[in-house]
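Everything on this sheet refers to the single structure shown next.
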Amino acid sequence: MSLTLHDLGPVLALILFGFLPNEVWRLVGLMLVRGLDEKSQVIVWVRAVATAMLAGVLAQLLLSTSGPLAGIPVSVRIGAAVLGFAAFVIARRSVFVGVLTGEAAVLLGTYWFGT
Amino acid sequence: MPQQPAESPPHVSFQVFLDGIVAAVRSVFFYVLVGNYVGMGALAHEVGFSFGWMALCTLLIWAAPAQVILISTLNTAALFEVALAVTLSSLRFLPMVAAILPVMRRPGVRQRDLLLPMHVTAISVWVEGMRLLPLMPAERRVAFYNGLGVGLMSGAIIGGGVGYVLAARLPPVLAAALLFFTPMAILMSSARNSRTLLDGLSFALGLVVGPIVAAQKIGLDLMWTGLIAGTMAYAVHRIREALRGRKT
Amino acid sequence: MSAEMQSYLILVLVGFLPSEVWRWLGIVIGRGLDEQSEIILWVRGVATALIAGVVARIVFIPPGALASVPLTVRLAALAAGFLAFLFIRRSAFAGVVAGEAVLVAGALAFGP
């Protein structure tokens, strides 16, 4: 990936590729001085970022029109995800039940409504 | 002994903040900084950035080497390379911030009170801060340091603006001289700060390796220049140390 | 490369480097602080070389008005500035003045 300035706009490039890489060192200096307390804050933030990234990937899979799930209609995907999550909650947060239900729903849905 | 207040009343803090600004303007660094940024503003103009972008650049980044890297490479290089080069050039902020923030901390100073001092830390601010802060009572230090930083940064932003406008209006020979100020300033400050063989050799090798790498047109040439020339200089340093060690 | 150069290279690669690596590892294992300062030294070398690369870039790929000044003048100005710095009690001011003076003079004499 070779992103250039023209793709991104000068101000956004300034912030993402000028300000952030530069400020990161000042922030870490601040964290170091703070001590153990901040370390857990950093971990909390990292977890939030990772979770958000995963959610992004999930959303892409659910909504994208190309890729491995292309043969499954979007409505079926979303419906199956919702059913799976509902089953997860009802079965007292059992991952196993949720996954099975979601899989069953997507297979049935593809068979009935899909290509 | 009377109990120290957790935080000075706002009007006293503001007075101390102004004291900081005065100290900034009186500092030798103010003139060096303004001169430096006049050249940088001219560079930004010649390369094609907007006036507002240049001011924002100084406000957000507040680090001359990182800014020069950004200005001279953002148009042509891959963004990843620019970020890498900027990251590498700003490593010194970690020990600087870690060294001076404790001088300002005391009971009552909240973490977010330290965010502004953290951001305004740059070499000139840091040097003056390390010199002046120990001379004053602890409750004045945060406001003073902020004033120092804001004062110096304002000088830089104004200098950048002046340089930007000058570059557009000066006759070509003088405009060229103004542009040349930036590489001159980098050369001088690097030469002056070079205390060891490693520093001098890294710089010299970087000057030589840079154009060679750029001519290969493989992209990421700043990164490769730094890695190749820097590692070569470091290797020479290690060899010297080894030879010295063997003698004892 | 010549046979002599090759023999030196082999000496360094096969003789010096392997033994030096063990010495370095010894420092790393023995005193963590030493390793950190060695890494910091290397990073400093890389960062300095990088900023030198930026100077080279401005001199060899000059923006705007600087492009109308011949390359030889730019290089001469750089050298003059550095020499002035060295010989005038390591004065940055003297260096900048000398470099700029040579650039302006050269631009007037040899420029378009």
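Residue check: is residue B:46 among the acidic types (Asp, Glu) and at pLDDT below 85?
Details: among the acidic types (Asp, Glu): yes; at pLDDT below 85: no.
Judged against the criteria, residue B:46 is not a match.
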Exactly one of B:243, B:166, B:207, B:220 is within 8 Å of chain C (Cβ to nearest Cβ) and of a type in the set (A, V, I, L, M, F, W, C), and that one is B:207
Scan segment B:84-124 for residues that are buried (at least 17 other Cβ atoms within 10 Å of the Cβ) and β-branched (Val, Ile, Thr) and jot them down. B:86, B:87, B:97, B:100, B:109, B:120, B:121, B:123
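Yes/no matrix, rows are residues, columns are (1) assigned to a helix (DSSP H, G or I); (2) surrounded by fewer than 15 Cβ atoms within 10 Å (Cβ to Cβ); (3) of a type in the set (D, E, K, R); (4) more than 8 Å from every other protein chain (Cβ to nearest Cβ):
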position	(1), (2), (3), (4)
C:55	yes, no, no, no
C:58	yes, no, no, no
C:62	no, no, no, no
C:72	yes, yes, no, yes
C:85	yes, no, no, no
C:93	yes, yes, no, yes
C:96	yes, no, no, no
C:103	yes, no, no, no
C:112	no, yes, no, yes
Any residue in segment B:71-97 that is more than 16 Å from residue B:230 (Cβ to Cβ) sitting within a Cβ distance under 8 Å of a residue that is among the hydroxyl-bearing types (Ser, Thr, Tyr) and surrounded by fewer than 22 Cβ atoms within 10 Å (Cβ to Cβ)? List the pairs, counting only those 6 or more apart or interchain. B:78/A:2; B:78/A:4; B:79/A:4; B:80/A:2
Qualifying positions in segment B:160-213 - under 18 Å from residue C:78 (Cβ atoms), in contact with a Phe, Trp or Tyr (Cβ under 7 Å, 6 or more places away or on another chain) and of a type in the set (A, V, I, L, M): B:187, B:188, B:191
Please go through segment B:50-76 and pick out each residue that is buried (at least 17 other Cβ atoms within 10 Å of the Cβ), more than 27 Å from residue C:41 (Cα to Cα) and more than 7 Å from every other protein chain (Cβ to nearest Cβ). B:54, B:55, B:58
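The values are calculated or read from the model by the stated rules, or taken from the named source; none is laboratory data. Please read all numbers here as calculations on a predicted model, not as lab measurements. Backbone-built Cβ (ideal geometry, glycine too); neighbour counts: all protein chains shown.
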